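A.B. asks: Input: one structure, supplied below.
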Amino acid sequence: MTSPKSSKSGGAGFALSAYLVWGLMPLYFSLVHTVLPLEFVGWRAMFTLPTALLLVAGARQWGELKRVLSQPRLVGVLAASAAIIGANWLIYLWAIQQGHIYAASLGYYINPLCNVLLGTVLLKERLSRGQWFAVALAAAGTSLLAWEARQMLWLSLAIALSFSLYGLIRKLVPVGAMAGLGVETILLAPPALLLLAVQPGGLMHSSFGHDWYTSLVIAAAGIVTAVPLLLFTAAAQRMDYSALGFFQFIAPTMVFLEGLLIFREPLKLDQLACFILIWSAIAVFVWDLLASKRQLRRVVTA
């Protein structure tokens with residue numbers, strides 16, 4: 001599979017926007033802390049569907065959506081990506097529910113390293129020496145956190161690999177971001193409805209409809225979910241998957257700062273060392289990219 005948009009430039013802006021939104025997600029999740037995680041996953045999928053379809057309509061992408069739905073092969077590939085992102089939501093929220101917050105957050109630090117692995121092995125992307133040095137710094141920083149969460153490392157790996165595989169599929173499948181999300185949410189709707197029906201109390205005792213504030217916050221999950229996924233897919237289709245991975249560090253770093261400054265969580269020495277190494281890695285990676293662009297510009301103008 002190859003995406004017709006994979007050669008386009010300008011993915012950095014989409015990636016930055018997506019991860020900035022994801023970095024603010026803990027603030028949103030704090031508003032729905034009274035909703036059971038499994039129920040919230042169900043409502044999240046259900047409200048993302050109309051949001052995605054409204055975006056498709058606004059962008060006049062109905063033709064693209066119908067084209068994709070008429071091709072069983074594309075529907076099958078998007079069914080796989082929908083299942084993977086749904087599993088990612090479930091695993092993450094299960095981890096939070098069980099109190100494995102450290103292991104869950106670690107998953108999104110491992111995720112960029114998975115992107116580099118998939119990009120170099122499967123997509124044959126090449127990294128310079130400077131970029132490999134940046135990867136080594138990031139891996140060293142992540143390993144500090146991994147040691148603390150080593151007993152639940154399998155959970156962190158499941159979160160990281162599921163999101164990396166989702167991004168890889170969406171990068172390669174020849175479907176636009178909006179139409180692809182529309183198909184994914186259509187496919188997720190039936191299992192989401194089943195999930196809501198079998199939860200304790202069923203739909204009759206759902207958090208949605210209990211009071212106007214909680215209902216409004218739950219319904220907002222459609223926008224909160226759809227917008228960053230669209231931005232992420234647009235970025236994945238426009239830039240190297242290895243480079244996209246380094247943007248991933250933005251979200252967990254924002255979560256760290258929110259925990260430190262807003263939720264007043266204590267700062268641990270291993271966390272501080274990890275962030276120093278990771279942001280040093282990002283600085284090296286960005287410096288190498290800019291140096292490569294300057295060198296290319298000199299060659300072109302010579």
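The values are calculated or read from the model by the stated rules, or taken from the named source; none is laboratory data. Keep in mind that this is a model prediction, so the values were computed, not measured. Cβ atoms come from the backbone with ideal geometry, glycine included; neighbour counts cover every protein chain shown.
A.B. asks: Can you name the residue in region 252-300 that is over 23 Å from residue 120 (Cα atoms) and small (Gly, Ala, Ser) and is also surrounded by the most Cβ atoms within 10 Å (Cβ to Cβ) among such residues?
C.D. replies: 259
A.B. asks: While we're looking at this one, here's another question. Among the candidates 290, 296, 260, which residue alone is over 22 Å from the mean Cα position of the chain (by Cα), at pLDDT below 85 and under 22 Å from residue 148 (Cβ atoms)?
C.D. replies: Selected residue: 260, the only one of 290, 296, 260 that is over 22 Å from the mean Cα position of the chain (by Cα), at pLDDT below 85 and under 22 Å from residue 148 (Cβ atoms).
A.B. asks: Kindly provide the set of residues from region 33-82 that are in a loop (DSSP other than H, G, I, E, B) and either of a type in the set (A, V, I, L, M, F, W, C) or surrounded by fewer than 19 Cβ atoms within 10 Å (Cβ to Cβ) (or both), ordered by number.
C.D. replies: Hits for region 33-82 are 33, 34, 35, 36, 59, 60, 70, 71.
A.B. asks: Another question about this same structure. Tell me which residues, restricted to region 256-272, are hydrophobic (A, V, I, L, M, F, W, C) and assigned to a helix (DSSP H, G or I).
C.D. replies: Residues satisfying the conditions are 256, 257, 260, 261, 269, 272.
A.B. asks: Follow-up. Looking for whichever is within 18 Å of residue 170 (Cβ to Cβ) and in contact with an Asp or Glu (Cβ under 6 Å, 6 or more places away or on another chain) here; the options are 86, 76, 119. Which one fits?
C.D. replies: The match here is 119.
A.B. asks: Further, regarding this structure: Taking only region 34-77 into account, find how many residues are within 21 Å of the chain's Cα centre (by Cα) and under 23 Å from residue 220 (Cα atoms).
C.D. replies: Of the residues in region 34-77, 19 are within 21 Å of the chain's Cα centre (by Cα) and under 23 Å from residue 220 (Cα atoms).
A.B. asks: Report every pair of residues separated by at least 6 positions or lying on different chains whose Cβ atoms are under 7 Å apart, first residue within region 217-234 and touching a residue at least 24 places away in the same chain (Cβ under 8 Å), second of a type outside the set (Lys, Arg) and not in a helix (DSSP H, G or I).
C.D. replies: Partner pairs satisfying both residue conditions: 218/35; 218/207; 218/208.
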